[in-house]
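Notes follow once the structure below has been shown.
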Amino acid sequence: MQIKATAKLEQDWTGDALAIGMLENSQVQLDPKYDDLVSEIIAENKFEAKAGSTLSSRIAGLKDLKKIILVGLGKELTLDSLRNAAASIAREAKKNKALAIVLPAVQNDPSKSAQAITEGMLLGLYQDERFKSDPEKKEAQLEKVELIGLPDDTNSAIELAQSIVSGVILAKELVAAPANVVTPLEMAQTAERIAQEYGLEIKILEEQDCKDLSMGAFLGVGQASNLPPKFIHLSYIPTKKANKKVAIVGKSLTFDSGGLNIKGQGSGIETMKMDMGGGAATLGAAKVIGQLKPAIEVHFICAATENMISGHAMHPGDILTASNGKTIEIINTDAEGRLTLADALVYAEKLEVDYIVDLATLTGACVIALGDDIAGLWSTDEDLSRQLQQAASEAGEKIWAMPLENKYAESIKSPIADLKNVGPRAGGSITAALFLKEFVKETPWAHLDIAGPVWADKTSGINNAGATGFPVRTLVNWILSLA
Ligand code: BES
Ligand code: MG
Ligand code: ZN
């Protein structure tokens with residue numbers, strides 16, 4: 001599909017559908033040729049332009065133009081309202097071949113506006129039919145989209161959005177694919193494909209390599225699985241001098257049964273294919289960075305395995321030793337993500353990076369605290385925390401800073417080992433973050449608990465129901481902001 005910005009407003013639109021964005025209580029500025037027609041449609045249907053609302057009208061008598069789609073921008077014109085409106089348009093127009101869109105630009109920011117509109121369009125159109133035997137997509141599909149009234153020099157922002165969305169879609173596809181498709185091996189092969197296609201370096205540590213590095217926590221989690229664990233390290237090294245060096249670490253449990261503390265009825269065990277959402281976003285970001293090639297060195301790390309049960313499973317009460325020598329008493333085998341991350345964080349710190357950011361579907365407690373749409377953010381570094389909040393806000397992805405309350409660290413001390421892998425129920429997402437902190441010595445570090453926003457139960461905004469690809473866009477914005 002081709003998306004292009006065209007500056008001029010007055011012309012004969014050749015698209016078979018024309019989409020027009022409207023703010024609440026405002027008039028649209030259009031070619032006078034269409035004014036009467038549009039005013040009539042608005043009046044007849046009492047269209048109020050509420051955010052996300054659409055009104056689709058078949059029209060007769062105009063050459064080439066068969067359909068007008070009105071879309072509400074709500075009360076305020078922001079990048080977010082543009083992104084969401086574009087997604088609504090995409091859903092309405094997906095069966096038309098050619099579409100012209102008239103959306104206003106946010107003041108002084110036509111490029112960011114074009115980027116937001118393109119992101120919204122592409123994500124709104126996205127439909128995952130990989131596992132259907134008879135996909136709907138075979139029918140007519142959108143081939144050409146024109147963004148009317150946006151300056152021609154916004155076309156590079158459209159290309160940027162296309163690259164970013166390719167990473168978001170990779171993350172969505174990894175998360176949505178079931179655990180019998182996306183295995184640790186498949187994660188590793190996906191990383192290898194990215195490395196090949198975009199010229200990144202790749203290292204896959206096999207089980208024996210992880211043993212040699214004494215990754216007892218990571219290996220303990222994977223030991224009941226029939227599938228071999230894969231520790232994935234993908235690196236993007238710029239050809240120009242790097243301004244900064246960072247590591248992204250993603251929790252990569254391709255399935256989380258809970259282990260011997262098995263997840264019971266109503267626990268959502270059937271959704272635990274999403275437990276590699278952090279790793280999926282990590283690879284999604286790698287795919288984008290591989291295309292954009294900024295002057296930042298980025299290491300992408302996924303310790304991929306499954307949390308299963310068998311005669312080899314770790315027992316509740318076992319003591320594991322992580323690669324920094326810390327010993328961990330396993331109180332609950334379902335608190336496994338932090339164990340895999342422990343060794344991944346130790347590995348990341350050895351790379352001597354300026355920042356480490358981890359992403360993890362870590363706790364149900366974070367979903368209780370912040371709901372389905374908002375990720376929790378913990379950081380040892382004020383600057384890093386601010387940078388990430390800024391990047392997220394521009395992406396329209398919601399994150400909220402949470403405390404690393406030192407007093408609670410008492411509750412994860414073990415009488416028999418250095419640490420236990422769980423604290424009390426109260427504050428469960430905070431003690432999980434404090435546990436991770438034990439495995440980062442001095443590098444500025446941030447942790448995002450994405451258990452809520454990695455999945456959307458219902459279509460809303462730019463997210464079609466299902467995997468969201470959260471927070472690929474935040475990560476990319478953040479990395480670009482360092483360049
Ligand atoms: N993968 C889960 C967390 C999760 C919950 C992700 C809901 C996505 C949606 C994690 O491994 C887990 O099981 N956490 C436990 C921790 C508890 C045993 C301390 C939880 O949140 O219940
Ligand atoms: Mg678990
Ligand atoms: Zn988990």
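Using a simple spin-label model with pseudo-atoms 7 Å out from Cα toward Cβ, Asp134 and Ala295 lie 5.7 nm apart.
Taking a ≥ b ≥ c as the square roots of the eigenvalues of the alpha carbon gyration tensor, segment 425-475 is oblate, as a/c is not under 1.5 and a/b does not beat b/c. Peptide packing for 411-420, 324-333 was compared via the average number of neighbouring C-beta atoms within 10 Å per residue; ordered from the highest value, the list is 324-333, 411-420.
Counting each DSSP H run of 4 or more residues in the chain as -39500 (n - 2.57), what helix-only mean residue ellipticity at 222 nm follows after dividing by all residues, to the nearest 500 deg cm²/dmol? Mean residue ellipticity at 222 nm (helix-derived): -11000 deg cm²/dmol. Diffusion coefficient of the chain by Stokes-Einstein, Kirkwood radius over Cα pairs, 4 °C, 1.567 mPa s: 55 µm²/s.
Charge tally for Ile101 (other residues, Cβ to Cβ under 12 Å; Lys, Arg +1; Asp, Glu -1): 0. For the cross-link pairs Lys8/Lys112; Lys287/Lys350; Lys241/Lys273, the ones whose C-alpha atoms lie over 30 Å apart are Lys241/Lys273. Taking a ≥ b ≥ c as the square roots of the eigenvalues of the Cα gyration tensor, segment 29-155 is classed as oblate, since a/c reaches at least 1.5 and a/b does not exceed b/c. The Cβ shell under 13 Å around Thr254 holds other residues with a net charge of -2, Lys and Arg each +1, Asp and Glu each -1. Sorting the segments 277-283, 266-272 by their residues' average number of neighbouring beta-carbon atoms within 10 angstrom, most packed first, yields 277-283, 266-272.
Using a probe of 1.4 angstrom and keeping all protein chains present, the accessible surface of the chain works out to 42 square angstrom per residue. Between Gln27 and Lys413, the FRET efficiency from the beta-carbon distance, with R0 = 60 Å, is close to 0.40. A cut-off under 9 angstrom between Cβ atoms defines the neighbours of Lys4, and their net charge, with Lys, Arg +1 and Asp, Glu -1, is -1. Distant-in-sequence amide contacts of Val422, defined by a placed amide H-H separation under 5 Å and a gap of 5 or more residues or a different chain, comprise Ile331, Asn332.
Peptides 93-101, 218-226, 200-208, 376-384 ranked from most to least packed give 218-226, 93-101, 376-384, 200-208, packing being the mean of other C-beta atoms within 10 angstrom over each peptide's residues.
Partner lysines whose Cα lies under 20 Å from the Cα of Lys413, excluding those fewer than 8 positions away in the same chain, are identified as Lys326, Lys437, Lys441. Converting phi to 3J(HN,Hα) with the Karplus coefficients 6.51, -1.76 and 1.60 and the offset θ = phi - 60°, segment 427-439 yields x, x, 7, 6, 5, 5, 5, 5, 4, 4, 4, 5, 10 Hz in sequence order, with x at every glycine or proline.
The values are calculated or read from the model by the stated rules, or taken from the named source; none is laboratory data. Keep in mind the model is a prediction, meaning the values are calculated, not measured. Heads up, the Cβs are rebuilt from the backbone with ideal geometry, glycines too, and the neighbour counts pull from every protein chain shown. Only protein heavy atoms, including side chains, enter the accessible area calculation; ligands, DNA and RNA are left aside. Shrake-Rupley method; radii C 1.70, N 1.55, O 1.52, S 1.80 Å.
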